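Structure first, then comments.
Where a number appears in this text, it was derived from the coordinates with a stated rule and is not lab data. A quick note: this is a predicted structure, and the numbers were derived from the prediction, not measured. Glycine gets a Cβ as well: all are built from the backbone with ideal geometry, and neighbour counts include every protein chain shown.
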Amino acid sequence: MSKTSKNILGDQRGKIGKVVGKVVDGVQMYSAYADSVRNPRTAKQVAHRARFSTAIAIGRAMKGAINVGLKNIAANRKLQSAFNVFVHENMPHITYNPETGVTTPDYAHITIAEGDTPLVSFGTLSFSEALTVSVTFTGNNDIPGANDNDSVYLLVYAPALGRSMMSIAARSTGTVSVSVPTTWAGEAVHVWGFVRTSVEEPTVIDDYGITLRPGGCSESSYLGSGTVSGE
């Protein structure tokens, strides 16, 4: 950028050939004119944007679970929210087909929770009850760090609806279920489970060399998919 204090042509503003003129505090200034920047659409950029958009859409639908499952992980990363962590970690598990323009999430590898809290052993999903998704589990209370009052979360996600629903049960109950609206009847859903610790202060687990912190969670477990039964 150049400037001048006197100009025989007077103050000049706007585009003048290949430069742009403006007056700042009585001083005439010139800068190079920037041609309008086009939005590049290389194959790689198109794929990235499509995968990014899909990750955002899934994350928004699962926001409630993500804010629980990835909260402590996000707290340890500078300037990242739980939502940011979800998008960053799950984009690699979304593929893009350039011929159809369709993205395909690998739901079995989508992560909604991370941490050192001991996970329960989930059984097989059940869709037999109308408008209900349920699963039994073994509490694994013999594992150091597992407590009866830990919360077991079950998340049910319906891609076609762009919505999810979640339910919570204590580790000691051995079962957790999610009731969904009638509009979900016949919908294909994907299901995850994870555990949130009940500790109220940092607790060292010497056997594993870890420290459980309030709000900390287990790794999430993808439990499978199915179709919601109607009434």
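Annotations
- Remark: the Thr138-Gln80 segment gains 17.5 nm on full extension, using 0.36 nm per residue and subtracting the alpha carbon distance.
- Using the Cβ-Cβ distance between Thr100 and Thr227 with R0 set to 35 Å, the FRET efficiency from 1/(1 + (r/R0)^6) comes to roughly 0.90.
- Trypsin sites (Lys or Arg not before Pro) within segment 34-138, DSSP loop, no more than 11 other Cβ atoms inside 10 Å: Arg38, Arg41, Lys78
- Highest average packing first - 166-175, 113-122, Cβ atoms within 10 Å: 113-122, 166-175
- Separation between Cα centres of segment 179-231 and segment 128-145, rounded to whole Å: 10
- Burial ordering of Ile56, Ile94, fewest other beta-carbon atoms within 10 Å first: Ile56, Ile94
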